[in-house]
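S.K.: Before I ask anything, let me first share the structure, which is written out below as structure tokens.
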Amino acid sequence: MNPDQIEFNKLLGQNQKDASVKACLRGGDKQLDCSGKIIHSHSIQRGKILASIADGGGESEGKVYHLGFAPAEDMQSMQPEFKLQGIKKFSTFAGFCGGHDKAIFQPIEDVAFTATAKQQDIYAYRAAAKELHSTLESKKFCEVFLGEKLNVDDFPPHFQMTLPAIKRGEMVVPDFILEGMLQGEKNHEIRTKHMQCGHSISELQQICDDLTDAIEREEPSEFEHIYHALDGACLVACCASFIPYFDHDGNRIISRQEEQRMAQSSAASRADMKNVMLNVFPEDGQTHIIFTFSKGNPSFKASIERLLKLEDEALKIGLSNIVLNYVENSAYGPKYINENFSSEQIASIAESFAVSAIDRSKFRKSNINLFVVNPTATTRQ
Ligand SMILES: [Zn+2]
């Protein structure tokens, strides 16, 4: 890595530290009724789920695989790959005080999963809360990164209009002006991201509030679940919230027009929200899948109903496509992956993950089935 890159990474690391958010999402602005300090909550349960996915021996003992990026051999680019992480840290976020964490999640931590409405609400809530926390950090990161430039428009319309021509070489300006314009363009992108984070936060906050009311006051929710169980405990787990622009087959379910409108403003009501929560986890010899979405999102509901009508293998491939394209927070058994997939398949899994991780508006369809049930595989109990 060259010195500039090292310096940049250091700065990035410091900015990320400065942008970390440690607060109880349940406590509100005043952190009322909070007890104990803010803890690192697991978005995927450690005791029941991660421990059953992690390897039981060898170098990867107590660790799971997750998909991420690492510097390529030439140090010039980042490459997607499976990375090992210990289950004590994996999937944690500093989003609840000790008291609230225990109070909210006990009904899914210590009790067997029987797919009650309340348990499904809690799983969905955790996915939304995790996403809310990470979006709060993204927004703060933009603020730290931009500093006083946050509210300064250094990419005015006449820059926006002339820069493309300069980039094409049709117009020439002095270097120092071009440099200023390029910096302005970059800052403008971050300001746009900052604004979009703000919209996402208000939507996710509403989703969390709605689900909290459903869980604590047993009020009807504006969200519904579709639950499905696969036979066999596949060592795959995820907990995520995302906006699905495409169905499992790569067909658009949110039009481009709608996508552009969504980038500009937040949803007018909960019914208009396109956010979807997905939880996948193995428990008691089955792999449980919970999709949660707004009652006003019939196109997503129809797409999942289509998916669940498919025969076994096609259904699992469709589900794999959804997980690989939309979910970052997912864990896999290291031996499960290495024993069931060839190195070409493993590369293809990482590739599918990377395409949409880099650009959320893209969908890479593959024919990988992540949900293999191998009766000879040694799984831990
Ligand atoms: Zn609290």
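Where a number appears in this text, it was derived from the coordinates with a stated rule and is not lab data. Quick caveat: nothing in here was measured; it's all calculated off a predicted structure. Please note: Cβ atoms are built from the backbone with ideal geometry, for glycine as well, and neighbour counts cover all protein chains shown.
S.K.: Once you have the Cα-Cα distance between Ala302 and Thr116, take 0.36 nm times their residue separation minus that, and quote the gain in nm to one decimal.
M.R.: Length difference between fully extended and current span is 64.7 nm.
S.K.: At Gln5 and Asp209, where each label point lies 7 Å from the Cα along Cα→Cβ, what is the point-to-point distance in nanometres?
M.R.: Each label point lies 7 Å from its Cα, and together they span 4.6 nm.
S.K.: Work from the charge dipole of segment 3-358 (Cβ charges, +1 for Lys and Arg, -1 for Asp and Glu, about the Cα centre) and give the residue of Asn338, Pro71, Ile190 farthest towards its positive end.
M.R.: Farthest towards the positive pole: Ile190.
S.K.: Wrap a convex hull around the Cα atoms of segment 1-136, take a quarter of its surface area, and give that in square nanometres.
M.R.: Orientation-averaged projected area of the Cα hull: 10.7 nm².
S.K.: Pick from Phe281, Phe176, Phe93: which is most flexible by mean-square fluctuation in a GNM of the chain where alpha carbon atoms under 10 Å apart are linked?
M.R.: Maximum among the listed residues: Phe176.
S.K.: Which of Ala354, Ala112, Ala237 moves most in a GNM of the chain, Cα contacts under 10 Å?
M.R.: Ala112
S.K.: How big is the antiparallel share of DSSP beta bridges in segment 1-114, given as a percent to the nearest 5?
M.R.: Here the antiparallel bridges make up roughly 95 percent for segment 1-114.
S.K.: Next up: Checking a compactness column here: for segment 89-174, what do you get for Rg(Cα) / (2.2 N^0.38 Å), N being the number of residues?
M.R.: 1.94
S.K.: I'd like the FRET efficiency for Asp284 and Glu189, computed as 1/(1 + (r/R0)^6) with the beta carbon distance as r and R0 of 30 Å, rounded to 0.05.
M.R.: Here the calculated transfer efficiency is 0.05.
S.K.: Under the rule that a partner needs its Cβ under 4.7 Å from the first Cβ, which Cys of the chain have none?
M.R.: Cys142, Cys197, Cys208, Cys234, Cys238, Cys239
S.K.: In the structure shown, do any of Lys30/Lys362; Lys102/Lys295; Lys10/Lys63; Lys140/Lys365 have a Cα-Cα gap over 31 Å, and if so which?
M.R.: Result: Lys30/Lys362; Lys140/Lys365 exceed 31 Å.
S.K.: Quick one: among Gly58, Gly147, Gly99, which has the greatest mean-square fluctuation in a GNM of the chain with alpha-carbon springs under 10 angstrom?
M.R.: Gly58
S.K.: May I ask you to give the average projected area over all directions of the convex hull of the Cα atoms of segment 101-150, in nm² rounded to one decimal?
M.R.: 4.3 nm²
S.K.: Ratio to report: Rg/Rh of the chain, with Cα atoms as the point set and Rh obtained by the Kirkwood method; give two decimals.
M.R.: Reported Rg/Rh, Kirkwood definition of Rh: 0.98.
S.K.: Restricting to DSSP loop positions (anything but H, G, I, E, B) with no more than 15 other Cβ atoms inside 10 Å of their own Cβ, which GluC sites (Glu not before Pro) remain in segment 197-287?
M.R.: When the GluC sites (Glu not before Pro) of segment 197-287 are filtered for loop state and at most 15 Cβ neighbours within 10 Å, Glu218 remain.
S.K.: Also, I was wondering about something else. Using 0.36 nm times the number of residues separating Ser35 and Lys295, minus their current alpha carbon distance, what extension gain do you get?
M.R.: On the way: separation 260, 0.36 × 260 = 93.60 nm, distance 3.41 nm.
Separation in residues times 0.36 nm, less the Cα-Cα distance, equals 90.2 nm.
S.K.: Going by Cα centres, segment 155-172 and segment 67-108 are how many Å apart?
M.R.: Cα centroid to Cα centroid, the span is 41 Å.
S.K.: To continue, here is another question. Per the Kirkwood formula on distinct C-alpha pairs, the Rh of segment 264-364 is how many angstrom?
M.R.: About 15.6 Å for segment 264-364.
S.K.: What GluC sites (Glu not before Pro) does segment 1-68 have in DSSP loop regions with at most 10 other beta carbons within 10 Å?
M.R.: Here the sparse-neighbourhood loop sites are Glu59.
S.K.: Mind checking the dipole of segment 115-182: about its Cα centre, +1 per Lys or Arg Cβ, -1 per Asp or Glu Cβ, Debye to the nearest 20? Before the final figure, lay out each step's value.
M.R.: Details: 8 positive and 10 negative charges, 93 e Å.
Computed charge dipole of segment 115-182: roughly 440 debye.
S.K.: Restrict the search to segment 225-327; then list the trypsin sites (Lys or Arg not before Pro) that DSSP places in a loop and that have at most 10 other Cβ atoms within 10 Å of their Cβ.
M.R.: In loop regions of segment 225-327 (DSSP not H, G, I, E or B), the sparsely surrounded trypsin sites (Lys or Arg not before Pro) are Lys309.
S.K.: Please report the base-10 log of the normalised intensity I(q)/I(0) for segment 205-244, using a Debye sum with one equal scatterer per alpha carbon and no solvent, at each q in 0.32 (1/Å).
M.R.: Once normalised to I(0) and log-transformed, intensities are -1.13.
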